[in-house]
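For reference, the structure is listed below as structure tokens.
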Amino acid sequence: MQLPESQVAVLEAASADEATSIDALAEATDLPPETVTGAAFELEEEGLVEVSERVDETIELTDEGHEYATDGLPEVALYEAALEAGADEEPVSMGQVIGQSGLEGDAVDIALSNYARKGYGSIDSGEITADPDAEPTADAEANALEALADGAVGTDDDLEEVIDQLERRGLLEVVETTTRDVALTDEGVTELMGGIETTETVGAVTPDLLTSGEWETVEFADYNVEADAEDVESGTVHVLRQMSERVKDVLVGMGFQEMDGPHVDADFWINDCLFMPQDHPARTHWDRFAMEEPSHIDELPDQLVADVERVHREGLGEDSEGYHSPWDEEFARALALRGHTTSLSTRYLSGEEIGEIEPPARFFSVEKAYRNDTLDATHLLEFYQIEGWVMAEDLSVRDLMGTFEEFYAQFGIEDIQFKPHYNPYTEPSFELFGTHPTTGELIEIGNSGIFREEMLEPLGVDCDVMAWGLALERLAMLTTGAEDIRDLHGTLADLEFLRNAEVTY
Ligand SMILES: N[C@@H](Cc1ccccc1)C(=O)O
């Protein structure tokens, strides 16, 4: 029998009595492990050896995991500081508690995003409470981390969930290694005893082989596509960036033009132009990120300010009342990080950005909005909104729904549901829901409606405008199957997930 050199070496190094690992064979034959693996598979195909495979899992703490195993988890530090500050009695300002906790930088975000999840208390409107009954010593994650650092962890089923969670937090890595063992078969032994000759095989075509014409007669080694090889982790465009590019392409394809504008803007453009009364709870509760310096915009168009104020005070025409509430220009000039990108729509519709816009017209943006929400699986403090509007004569709810159906179908989403809703600036209004591909849960993916006369008249628009704000991250949850928005971006983003996520559309 004739075999290539590497196969002969492996065959001779293997034993019939006990299986030998690839690593041991590599050492014995002085060949690289991947060559040995390749040769072993070839030999297995010839029936000369048997290759057995075992997958082992080992758990390794990351640097961050080691740090918390020694110093404690940030959320526990936050809880202890909250207790000390008396947050078990009444809410305490978050700044004070964070200061006392000694947490800094990323550790603050990490503490905040795990605090409520673990039932240590709640965080709302910049204040923190501590649940007096929470027990940090019973924190399953902290205990598992400590045990892992001491090397004292079995593969107990109870731990599986905690280990998953710690892995998601990037505190440990479950490393899978495949070990292959090789043993001679009876046939292998027989062939070996009969004597095996070595064939010369050639691994690569060289200029020499070509010019000499030898390539016609030599035997080429087979490629083994199953041989172990090192993982290559290349850079990749972030899932949300891919999503946002795709959304822009789709909207441009549907005839939309892109808007852009300031992230920090006057409340006038963010709220007043949307017929949002100045005492609307959202304007205090929506927890704006207000600007301290500069605190107010320099310029607002005088006529527009007068028209917006008039409609806020008096309403419009016989069927409209206005708010009978205070309206103050100073209040409207206050600067904040925009809570929605509808501020761009009011700027464009008013003619302020690119001059008067004639119907029919379609505009969109895919830009960041900022809200002081409590972080959870579906909320981040900043997120991307897909803003859009269509200006045309005689628009109806069917146009609105049809546009969404057309848009979401481009992403393979064909089961959008609509729920009646309320916005001060649209009538009628609808919330949009989509079904999560793995959990089957309905997730809110957007808000929409037809702009009211009270909003459009001061802006100088005298035909219909339908509009929406959709959440890019929620769309990404539907297309990638991510179950927690924090896996997508922010301090807790799951790198493994981001590396491997396919954006499907
Ligand atoms: N501004 C709304 C979205 C929206 C825009 C335009 C019209 C209707 C709704 C939001 O942030 O939820």
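Readers should treat all values here as calculations from the given coordinates under stated rules, not as data from a laboratory. In this text the structure is predicted, and so the values were computed from the model without any measurement. Note that each Cβ is placed from the backbone with ideal geometry, even for glycine, and that neighbours are counted across all protein chains shown.
Which lysines does Lys248 reach when only Cα atoms under 24 Å apart count, and residues fewer than 8 places away in its own chain are ignored?
Lys368
Could you calculate the contour length gain from Thr217 to Ala149, that is, 0.36 nm times the residue separation minus the distance between their Cα atoms, to one decimal place in nm?
Full extension of this stretch gives 18.6 nm more.
Starting from the 7 Å offset along Cα-to-Cβ, what nm value, one decimal, do you get for the label separation of Asp302 and Arg168?
Output for this residue pair reads 5.8 nm.
Tell me the angle of helix 397-409 to the major Cα principal axis of the chain, expressed in degrees between 0 and 90 and rounded to the nearest ten.
So the helix axis and the longest Cα principal axis differ by about 20 degrees.
As I understand it, the value is the acute angle between the Cα axis of helix 140-149 and the longest principal axis of the Cα atoms of the chain; what does it come to in degrees, rounded to 10?
That works out to roughly 30 degrees.
So for the pair Gln2, Glu502, with labels modelled 7 Å out along Cα→Cβ, what separation do we get in nm?
My value for the distance between the label points is 4.4 nm.
Let me check against my output: what whole-number percent is the relative contact order of region 295-397, with C-alpha pairs under 8 Å and at least 6 apart?
It rounds to 21 percent for region 295-397.
How far is helix 74-84 tilted, in degrees, relative to the longest principal axis of the Cα atoms in the chain, given as a value from 0 to 90 rounded to the nearest 10?
50 degrees
When DSSP beta bridges are limited to those with both residues in the chain, what percentage is antiparallel, rounded to the nearest 5?
Within the chain, antiparallel bridges account for around 90 percent of the total.
Would you work out if region 125-281 is rounded, prolate or oblate? Take a ≥ b ≥ c from the square roots of the eigenvalues of the alpha-carbon gyration tensor; rounded if a/c is under 1.5, else prolate when a/b is larger than b/c, oblate otherwise.
oblate
Can you tell me the dipole magnitude for the chain around its Cα centre, using point charges on the Cβ only (Lys, Arg +1; Asp, Glu -1), in Debye to the nearest 20?
In debye, rounded to 20, the chain gives about 2440.
Rounded to the nearest 0.05, what FRET efficiency is calculated for Glu64 and Phe418 with R0 set to 45 Å and r the Cβ-Cβ distance?
Step by step, r from the Cβ atoms, then E = 0.55.
Rank-order 192-205, 364-377 by packing density, defined as the average count of other C-beta atoms within 10 Å over each peptide's residues, highest first.
364-377, 192-205
Charges at C-beta only: +1 for Lys and Arg, -1 for Asp and Glu. How large is the resulting dipole of region 74-133 about its Cα centre, in Debye rounded to 20?
Approximately 160 debye in magnitude.
In region 277-377, if the dipole is taken from +1 on Lys/Arg beta carbons and -1 on Asp/Glu beta carbons about the Cα centre, which of Leu300, Ser365, Ser345 is farthest to the positive end?
Ser365
DSSP loop (so not H, G, I, E, B), at most 14 other Cβ within 10 Å: list which GluC sites (Glu not before Pro) in region 293-343 pass both filters.
Those that pass, being in a loop and sparsely packed, are Glu299, Glu318, Glu321.
Show me 206-215, 48-57 ranked by packing, highest mean number of other Cβ atoms within 10 Å first.
48-57, 206-215
So how strong a dipole does region 444-483 carry about its Cα centre when Lys and Arg Cβ are +1 and Asp and Glu Cβ are -1, to the nearest 20 debye?
Using only the charged Cβ atoms, the result is roughly 200 debye.
Could you tell me which GluC sites (Glu not before Pro) in region 395-502 are loop residues by DSSP with no more than 13 other beta carbons within 10 angstrom of their beta carbon?
Of the GluC sites (Glu not before Pro), the ones in loops of region 395-502 whose Cβ has at most 13 other Cβ atoms within 10 Å are Glu414, Glu441, Glu502.
Between Asp394 and Glu329, what is the spin-label point distance in nm, taking each point 7 Å from the Cα along the Cα→C-beta axis?
That separation, rounded to one decimal, is 4.1 nm.
Give the peptides 89-99, 32-42 in descending order of average Cβ contacts within 10 Å, highest first.
Peptide ranking by packing, descending: 32-42, 89-99.
With unit charges on the beta carbon (Lys/Arg positive, Asp/Glu negative), name the residue among Ser21, Ser6, His66 whose Cα is farthest towards the positive pole of the charge dipole of region 1-74.
So the residue we want is Ser6.
With the Cα gyration tensor of region 43-187 giving a ≥ b ≥ c as the square roots of its eigenvalues, does the rule (a/c under 1.5 for rounded; else a/b larger than b/c for prolate; else oblate) give rounded, prolate or oblate?
prolate
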